[in-house]
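The values are calculated or read from the model by the stated rules, or taken from the named source; none is laboratory data. Just so it is clear, the structure is predicted and the values come from calculations on it, not from any experiment. Glycine gets a Cβ as well: all are built from the backbone with ideal geometry, and neighbour counts include every protein chain shown. The protein model used for the area step is the full one, side chains on, heavy atoms only, and it has no ligands, DNA or RNA in it. Shrake-Rupley method; radii C 1.70, N 1.55, O 1.52, S 1.80 Å.
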Amino acid sequence: MAWCDDCNRHSEAEELGEGDTCPGCGQVLDTTKSKAPWHFKLLLGSLTIYLGWRSFQGVAWLLRRF
């Protein structure tokens, strides 16, 4: 999916003109796939560590209780 700044719209690969141009204005669009931003990866990593730690604490609490 490509984004056109001039038209403010997304265009599917089938809609693009010859040479990956916007169907509305004719501007050449970047159709390379974008990667996830670094802060999203950091958020997922932090969330995984946090939930793992909380799971460990929950199991430890259950073992002490019984």
Verdict on W38 being under 23 Å from the mean Cα position of the chain (by Cα) and either hydroxyl-bearing (S, T, Y) or at negative phi (or both): yes
Qualifying residue in segment 6-15 (condition: out of contact with any Gly (no Cβ under 9 Å at 6 or more places or on another chain), open to solvent by less than 80 Å² (accessible area, probe 1.4 Å), in a loop (DSSP other than H, G, I, E, B) and not polar (S, T, N, Q)): yes
Residue in segment 17-35 that is among the hydrophobic types (A, V, I, L, M, F, W, C) and assigned to a helix (DSSP H, G or I) present: no
Qualifying residue in segment 16-24 (condition: without any contact (Cβ under 8 Å) to a residue 60 or more places away in the chain, surrounded by 12 or more Cβ atoms within 10 Å (Cβ to Cβ) and at positive phi): yes
Top-ranked residue of segment 36-66 - restricted to ones that are out of contact with any helix residue (DSSP H, G or I) (no Cβ under 9 Å at 6 or more places or on another chain) and in a loop (DSSP other than H, G, I, E, B), ranked as nearest to M1 (Cα to Cα): P37
Condition check for L43: of a type outside the set (S, T, N, Q) and either in contact (Cβ under 8 Å) with a residue 12 or more places away in the chain or open to solvent by less than 100 Å² (accessible area, probe 1.4 Å) (or both): no
